[in-house]
Amino acid sequence: MDVTEQSSETTASARCTPMTMIQALRSAMDVMLERDSNVVVFGQDVGYFGGVFRCTEGLQKKYGQSRVFDAPISEGGIVGAAVGMGAYGLRAVVEIQFADYFYPASDQIVSEAARLRYRSVGDFTAPITIRMPCGGGIYGGQTHSQSPEAMFTHVCGLRTVMPSNPYDAKGLLIAAIECDDPVIFLEPKRLYNGPFDGHHDSPVIPWSQHRLGAVPEGYYTVALASASVLRPGSELTVLTYGTMVFVAEAAAAEAGIDAEIIDLRSIWPLDLETIVASVRKTGRCVVVHEATRTSGFGAELVALVQEHCFYQLEAPIERVTGWDTPYPHAQEWAYFPGPERVAAGFKRAMQG
Amino acid sequence: MTRHQALHLHVPEPTGRPGRETDFSYLRLSRAGKIRRPPVDTQALATRDLAYGLVRVLDDEGRALGPWASQIDPQLLRRGLAAMMKTRIFDARMLIAQRQKKMSFYMQCLGEEAIAIAHALALAPGDMCFPTYRQQGLLLVREDVDMVEMICQLLSNGRDPLKGRQLPVMYSYKRAGFFSISGNLATQFIQAVGWAMASAIKGDTRIASGWIGDGATAEADFDTALTFAHVYRAPVILNVVNNQWAISTFQGIAGGEGTTFAARGVGCGIASLRVDGNDFLAVHAASQWAAERARSNFGPTLIEWVTYRAGPHSSSDDPGKYRPADDWAHFPLGDPIARLKQHLIAIGAWSEKENEEAQRELEAQVAAAQKEAESHGTLADGHLRSAAEMFQDVYKELPEHLRRQRQELGV
């Protein structure tokens, strides 16, 4: 489905501006800080400085220190305080500086935010959004490159989202902030400044040259749990999200395969209908993600496709992922599942 | 070159064990009335002496002494006494019900009743407590929380407001200023600070009160809460209930040896008090002081309540295995109910006869509530909530995958 179909309030007159993903995320927070006085934004370095990736730049100046502020270096504290604020009635949008740093907040995310509604039968809720940059491709080494989405999808009560472009990033972030469930909002940092096709030696293409870099200035949402078909195709279904979306697109073009590329956008709960319809049509499926393979979210996708499309499958489902190693520093591009590895996966699926 | 002896590891050990009486001198008690009461806008660092002393109002004769002895309405004290008596009766009956397998589990607050009850009476409507599982007094002191409903939660029956999802005693009462009890330790402490920050962000007048036990202060969430409370000058009271025991582990293993838990607060820049938790008047006065400080935007207060966990940790615990059987009888701060009763009689506001009547009446009240609750079923008789409800409230709306799983279960 086309992304614009998901926009609930985008009108024909909405002015679009070229934005990077960083600007789009900032615009989403700006819109929500303006619309809802219960929205607050905090995290390490997000206040005066505006975030190490600049996503909150200017927001403190515009909305004041009591709504946009710096937090101590304590991920558990940031999320724990956000849960308490949620119980009060605020909507906290917090930043974990790198997804690699969320681990100290695990108890507050898994045992508290995710289950508060359930355990109190709705007496208290945690309508919080936890933003975290994820993924590699910036020479971040093993502590600034991880893609921990599967750790969140295994937790009942959480929503896990990962946009791949500025348009979706803004619409999904607004939807996440408005959502009454806790949302883990993973931002592929390699995509912050341009659509990355996996050819790391090529010059960066800015978002201003990509159709998905055109972003409406005001309020709109991209519905949670809705996938988008980035590229329609007939030969093969590619299930992917985040950093790997444009890599998959490049790999299909380079391999000359008419692949249908589905950008999940929301990893869990997910848009199973779009996935099943596509695989039933093409009969072939490749799952692509940057995270490590074993017990990765790809395993869940393979199982779901097998459960729902077994009799339509013409070949075994392929997985192309990061290796089951920590994300190395100097050998980053041997780790990253680039277009060559992805294309090889496509070819295996076509031959099977 | 200096020759060193081999290093050895220090593992704190309580002075008392089964068959060996506890030497409670480690508590370093102050005499009633001897600790000063600073103004509520005092600097955090200026409370250093208060974090190592022990605020006490009631002496051994039941007299209220010193600067923390405030003009308190005897009617309020009688209400507090009745609530403590009710809590003790409630706990005793529920423990028996657990032994009868009507509920899976129970936790008493025997010996600690004064803390939650006197504290609750010092808060204002709209304030929010983030309790542990041993502050049932916060609910039992209130007239707007139905005891029958509380017992239905304990029995996990058809009227359990938490639909059988939570262990007994893990109540949730937003309308009564009582945050949902997690069961994971310490998580609520930083959440209380976040709630208080929210009140300040919104320019409200409400304050939060967070609770933790001595054992759980070793969790990171404790230190995090202190840091956040100090950094943002949050309107929060940070209560550390030091009942000396975390299951079988004495407070020295949590970091209490040779120091106090209140002292942690001073180190973090938070005004801190160490208070006799079995002294109803001291608990009320200190709580009032901290609430006034928070509500006046002077920031957080950490209060260590020194008390003693007179019962087992839970219905699954046997303290006879790790501490002297008669330890509570030797605890120098005594029994909070007996001490308040003694004071009320001393000031002529209570009598043995009234006490006996109140005891009888409260026993009848609790028994009647239990009977009514049990008429809606118990865990033993299988009158539970429908299993279909298991799938609700995971998300605000039921997602497709849970709808399918509910169908798979056939409910």
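Given the criteria within 9 Å of chain A (Cβ to nearest Cβ), of a type in the set (Ser, Thr, Tyr), assigned to a helix (DSSP H, G or I) and crowded, with 19+ Cβ neighbours inside 10 Å, does B:Ser199 qualify? Reasoning before the result, please.
On the way: within 9 Å of chain A (Cβ to nearest Cβ): yes; of a type in the set (Ser, Thr, Tyr): yes; assigned to a helix (DSSP H, G or I): yes; crowded, with 19+ Cβ neighbours inside 10 Å: yes.
Yes; evaluated as a whole, the condition is true for this residue.
Name the residue that is nearest to B:Leu185 (Cα to Cα), counting only residues in segment A:107-126 that are assigned to a helix (DSSP H, G or I) and out of contact with any helix residue (DSSP H, G or I) (no Cβ under 8 Å at 6 or more places or on another chain).
Only one residue fits best here, namely A:Val110.
Please list, ordered by first then second residue, the pairs with beta carbon atoms under 8 Å, 6 or more apart or interchain, first in segment B:193-218 and outside the structural domain of B:Thr307 (by TED's automatic domain parsing) and at positive phi, second among the basic types (Lys, Arg) and not in a helix (DSSP H, G or I).
none
Report yes if A:Val302 is open to solvent by less than 10 Å² (accessible area, probe 1.4 Å) and not in a loop (DSSP other than H, G, I, E, B), otherwise no.
Working: open to solvent by less than 10 Å² (accessible area, probe 1.4 Å): no; not in a loop (DSSP other than H, G, I, E, B): yes.
Considered against the rule, which asks whether it is open to solvent by less than 10 Å² (accessible area, probe 1.4 Å) and not in a loop (DSSP other than H, G, I, E, B), A:Val302 comes out as no.
Can you work out which of the residues in segment B:341-386 that are in contact with a Gly (Cβ under 9 Å, 6 or more places away or on another chain) and part of a helix (DSSP H, G or I) is nearest to A:Phe124 (Cα to Cα)?
The selected residue is B:Lys341.
State all residues of segment A:234-282 that are touching a residue at least 60 places away in the same chain (Cβ under 8 Å), part of a helix (DSSP H, G or I), in contact with a helix residue (DSSP H, G or I) (Cβ under 9 Å, 6 or more places away or on another chain) and under 21 Å from A:Asn165 (Cβ atoms); if no residue qualifies, say none.
A:Met244, A:Val245, A:Phe246, A:Val247, A:Ala248, A:Ala250, A:Ala251, A:Ala252, A:Glu254
Residues of segment B:1-56 being open to solvent by 20 Å² or more (accessible area, probe 1.4 Å), assigned by TED's automatic domain parsing to the domain that holds B:Val306 and not in a loop (DSSP other than H, G, I, E, B), which ones?
B:Leu45, B:Ala46, B:Arg48, B:Asp49, B:Tyr52
Do you know which of the residues in segment B:202-233 that are at the interface with chain A (Cβ under 9 Å from one of its Cβ atoms) and in a helix (DSSP H, G or I) is surrounded by the fewest Cβ atoms within 10 Å (Cβ to Cβ)?
Once the filter is applied, the top-ranked residue is B:Ala220.
Taking the conditions exactly as written (more than 9 Å from every other protein chain (Cβ to nearest Cβ) and without any contact (Cβ under 8 Å) to a residue 12 or more places away in the chain), does A:Gly141 satisfy them or not? Break it down into steps so the answer makes sense when it comes.
Values: more than 9 Å from every other protein chain (Cβ to nearest Cβ): yes; without any contact (Cβ under 8 Å) to a residue 12 or more places away in the chain: no.
Answer is no for this residue.
Consider only pairs whose beta carbons are under 6 Å apart and that are at least six residues apart or on different chains; among these, list those whose first residue lies in segment A:196-208 and is exposed (fewer than 13 other Cβ atoms within 10 Å of the Cβ) and whose second residue is modelled with pLDDT of 95 or more.
Hits for this filter: A:Val204/A:Gly194.
Kindly evaluate A:Ala92 against the criterion of being assigned to a helix (DSSP H, G or I), within 11 Å of chain B (Cβ to nearest Cβ) and aliphatic (A, V, I, L, M).
Numbers: assigned to a helix (DSSP H, G or I): no; within 11 Å of chain B (Cβ to nearest Cβ): yes; aliphatic (A, V, I, L, M): yes.
Against the criterion (assigned to a helix (DSSP H, G or I), within 11 Å of chain B (Cβ to nearest Cβ) and aliphatic (A, V, I, L, M)), A:Ala92 does not qualify.
Out of all the residues in segment A:67-84, is one or more of a type in the set (Val, Ile, Thr), more than 10 Å from chain B (Cβ to nearest Cβ), open to solvent by less than 40 Å² (accessible area, probe 1.4 Å) and out of contact with any His (no Cβ under 6 Å at 6 or more places or on another chain)?
Kept after step one, since they are of a type in the set (Val, Ile, Thr), are these residues of segment A:67-84: A:68, A:73, A:78-79, A:83.
Cutting the leftovers down to more than 10 Å from chain B (Cβ to nearest Cβ) gives us A:68.
Adding the requirement that they be open to solvent by less than 40 Å² (accessible area, probe 1.4 Å) leaves A:68.
Those left that are additionally out of contact with any His (no Cβ under 6 Å at 6 or more places or on another chain): A:68.
Yes.
I need a count of the residues in segment B:237-286 that are aliphatic (A, V, I, L, M), surrounded by fewer than 23 Cβ atoms within 10 Å (Cβ to Cβ) and either touching a Cys at 6+ places or on another chain (Cβ under 8 Å) or farther than 15 Å from B:Asp214 by Cα (or both).
Residues in segment B:237-286 being aliphatic (A, V, I, L, M), surrounded by fewer than 23 Cβ atoms within 10 Å (Cβ to Cβ) and either touching a Cys at 6+ places or on another chain (Cβ under 8 Å) or farther than 15 Å from B:Asp214 by Cα (or both): 1 in total.
Using beta carbons and a limit of 6 Å, which pairs, at least six apart or on different chains, have the first residue in segment B:323-334 and at pLDDT 95 or above and the second one among the acidic types (Asp, Glu) and open to solvent by 10 Å² or more (accessible area, probe 1.4 Å)?
These pairs meet every condition: B:Pro324/B:Glu21.
The values are calculated or read from the model by the stated rules, or taken from the named source; none is laboratory data. Source: prediction; values computed, not measured. With ideal geometry, Cβ positions are generated from the backbone for all residues, glycine too; neighbour counts draw on all protein chains shown. Accessible surface areas use protein heavy atoms only, side chains included; no ligands, DNA or RNA. Shrake-Rupley method; radii C 1.70, N 1.55, O 1.52, S 1.80 Å.
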